[in-house]
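Worksheet for the structure shown next.
The values are calculated or read from the model by the stated rules, or taken from the named source; none is laboratory data. None of the values given here were measured: they were computed from a predicted structure. Reconstructed Cβ throughout: ideal geometry from the backbone, glycine too, with neighbour counts over all protein chains shown. The area values use the complete protein model at the heavy-atom level, side chains included, leaving out ligands, DNA and RNA. Shrake-Rupley method; radii C 1.70, N 1.55, O 1.52, S 1.80 Å.
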Amino acid sequence: MTNKEIIVVGGGASGILAAIVAARNGAHVTILERNVRIGKKILATGNGRCNYTNTLTTQRDYNHPEFVADALDIFSPETALTFFTQLGISPKIEDEGKTYPLSEQASSILDVLMYELNHLNVDIITNAHVQNINKNKNNFTVLLADQTQYKADKVILCTGGKAMPSSGSDGLGYPIARKLGHHVTTIFPALVKLKLDYPYLKQMDGVKISSIVQLVHQNRVIKEEKGDILFTSYGISGPTILQLSRKANELVLKHETVYINVILVNSLSKDEVYQRFSESKDKPVDFSLIGLINKKLISAVLKEAKIEKQNTLVSELKDQEIDHIVNLLFSWKFVVTGSKGFEDAQVTAGGIDINEIDSKTMESKLISGLYIAGEVMDIDGPCGGYNLQWAWSSAYVAGLNASK
Ligand SMILES: Cc1cc2nc3c(=O)[nH]c(=O)nc-3n(C[C@H](O)[C@H](O)[C@H](O)COP(=O)(O)OP(=O)(O)OC[C@H]3O[C@@H](n4cnc5c(N)ncnc54)[C@H](O)[C@@H]3O)c2cc1C
């Protein structure tokens, strides 16, 4: 048991867990949180249900698999289940390992964490906007925007990324880290809706389909997802798109051309679709597509296929025109121009350079006594509980080692 004075900067998922672990290990812990309350983003997770872990998590799910391996070993999804079960959360494990509290309320997760913080006498100071962390010879001075100062033996930096800045995580952890000598890799929004350059988006707005989407770069499919796809007035959204968005954004940022390829028809063969056309020769072409694809997409498909009169009879179409329509049904490509930005993103790609962090302890390799956890570092994973799992795993390791 120790009596270390530890300051946790940022009361989000990682800050709260790091504080609990350090306090359980005997440290006196203070959380400094800029908001009026801690854990604001937790309440927004999983559409208000908090997908707090994923039982299928492996190190390969993250952008730096080797770096995350140790922390995921020490605080695995199984450990997370046990940790939260002991706090009172019964898990509800859904498809693909996504795990929620049985209450289906994100507030349950925050409630039990708050209870434990209080039980451990962790000091929670809100409206505390940290601006600077200075390393003195043997301790730290943490400086707030209002010039209040706090002293600590160890500091755990848990300021999160830049996704959903209204939650308090607006990227201010990066300049704090930079002033301490750390490098921050290029950051960009991940798990985010994508903007497309396409003239007919307005008429497609609101159409939701369940199908296959691919991310295409240099004529190669680099990622494919199956599930819900939502067309919007600015572009495309839905769980499938969120999973493709990190790679898409990374490439757009490098000024590469990337496409989203929507496969509208995936349960019939091309021959079967040609057969449909041959059986509806006496019908207008727009009518012939009813029952095959969403009605609100028909006009856009026909415009894209350069069919000028949408009520042309199928029998009057040239073979190339029918080929064009059929090809579009099996491969409809849209140029990605960007994303809806950090405001709409669920996670930040990039962050504090992991080469400057000890993966076994989460201690900075540049500043002894400074620990780093959660999304503020250059680690991100897909949608489905992986990012909170990283917040918990890294925070556990940071909290444990800071309090030794
Ligand atoms: C809408 C949405 C839904 C999501 N759903 C899921 C999900 O279901 N499952 C999943 O795994 N992940 C989900 N995520 C991602 C997940 O929430 C984050 O990866 C995770 O919260 C990161 O934890 P963190 O502690 O590193 O940062 P955060 O949770 O962002 O916490 C950082 C905290 O630090 C505070 N702070 C920042 N700067 C300062 C400062 N200078 N001084 C004082 N305090 C400061 C902030 O106010 C904030 O409270 C979702 C994200 C969003 C936006």
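Summary table
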{"read-out": "Among residues of region 375-393, those that are more than 8 Å from the ligand (Cβ to nearest atom) and open to solvent by less than 10 Å² (accessible area, probe 1.4 Å), counted", "value": "4"}
{"read-out": "Residue identified as in contact with a Pro (Cβ under 9 Å, 6 or more places away or on another chain), under 25 Å from ILE212 (Cα atoms), in a helix (DSSP H, G or I) and in contact (Cβ under 8 Å) with a residue 24 or more places away in the chain among LYS296, LYS303", "value": "LYS303"}
{"read-out": "Number of the exception - ASP344 against (1) surrounded by fewer than 24 Cβ atoms within 10 Å (Cβ to Cβ); (2) more than 12 Å from the ligand (Cβ to nearest atom)", "value": "(2)"}
{"read-out": "Condition check for GLY26: open to solvent by 10 Å² or more (accessible area, probe 1.4 Å) and closer than 16 Å to ASP153 by Cβ", "value": "yes"}
{"read-out": "Close pairs from region 17-42: first within 11 Å of the ligand (Cβ to nearest atom), partner modelled with pLDDT under 95 and of a type in the set (A, V, I, L, M), Cβ under 9 Å, at least 6 apart", "value": "ARG34/LEU172"}
{"read-out": "Residues (under 18 Å from LYS4 (Cα atoms) and either more than 14 Å from the ligand (Cβ to nearest atom) or open to solvent by 20 Å² or more (accessible area, probe 1.4 Å) (or both)) located in region 126-148", "value": "ASN134, LYS135, ASN136, LYS137, ASN138, ASN139, PHE140, THR141"}
{"read-out": "Lone qualifier among ALA106, ALA71 - being touching a Ser or Thr at 6+ places or on another chain (Cβ under 6 Å) and under 22 Å from ILE7 (Cα atoms)", "value": "ALA71"}
{"read-out": "Test for THR312: is it among the hydroxyl-bearing types (Ser, Thr, Tyr) and either closer than 30 Å to GLN218 by Cα or within 16 Å of the ligand (Cβ to nearest atom) (or both)", "value": "no"}
{"read-out": "Residue under evaluation GLU321, criteria (1) away from the ligand (no atom under 16 Å from the Cβ); (2) closer than 15 Å to HIS64 by Cβ, criterion not met", "value": "(2)"}
{"read-out": "Selection within region 81-110 - open to solvent by 50 Å² or more (accessible area, probe 1.4 Å), part of a helix (DSSP H, G or I) and closer than 20 Å to TYR396 by Cβ", "value": "THR82, THR85, GLN86"}
{"read-out": "Search result, residues across region 85-106 that are within 13 Å of the ligand (Cβ to nearest atom), at negative phi and out of contact with any Leu (no Cβ under 6 Å at 6 or more places or on another chain)", "value": "GLU94, LYS98, THR99, TYR100, PRO101, GLN105"}
{"read-out": "Filter pass, THR53 being crowded, with 23+ Cβ neighbours inside 10 Å, more than 8 Å from the ligand (Cβ to nearest atom) and of a type outside the set (A, V, I, L, M, F, W, C)", "value": "no"}
{"read-out": "Any hit, region 308-316, residues being more than 24 Å from LYS193 (Cβ to Cβ), open to solvent by less than 20 Å² (accessible area, probe 1.4 Å) and at pLDDT below 95", "value": "no"}
{"read-out": "Subset of region 1-22 (residues that are surrounded by fewer than 24 Cβ atoms within 10 Å (Cβ to Cβ) and not basic (Lys, Arg))", "value": "MET1, THR2, ASN3, GLU5, ILE20"}
{"read-out": "Only one of ILE241, ILE229 that is open to solvent by less than 10 Å² (accessible area, probe 1.4 Å) and more than 16 Å from the ligand (Cβ to nearest atom)", "value": "ILE229"}
{"read-out": "Odd one out for GLU66, checked against (1) assigned to a helix (DSSP H, G or I); (2) more than 9 Å from the ligand (Cβ to nearest atom); (3) open to solvent by 20 Å² or more (accessible area, probe 1.4 Å); (4) under 18 Å from SER169 (Cβ atoms)", "value": "(4)"}
{"read-out": "Single condition GLY160 does not satisfy, out of (1) in a loop (DSSP other than H, G, I, E, B); (2) within 14 Å of the ligand (Cβ to nearest atom); (3) without any contact (Cβ under 8 Å) to a residue 60 or more places away in the chain", "value": "(3)"}
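One line per residue, one yes/no per condition, for (1) of a type in the set (A, V, I, L, M); (2) open to solvent by less than 60 Å² (accessible area, probe 1.4 Å); (3) in the same structural domain as LYS333 (by TED's automatic domain parsing); (4) over 20 Å from the mean Cα position of the chain (by Cα):
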{"residue": "ARG246", "(1), (2), (3), (4)": "no, yes, yes, no"}
{"residue": "ILE263", "(1), (2), (3), (4)": "yes, yes, yes, yes"}
{"residue": "LYS270", "(1), (2), (3), (4)": "no, no, yes, yes"}
{"residue": "PHE277", "(1), (2), (3), (4)": "no, yes, yes, yes"}
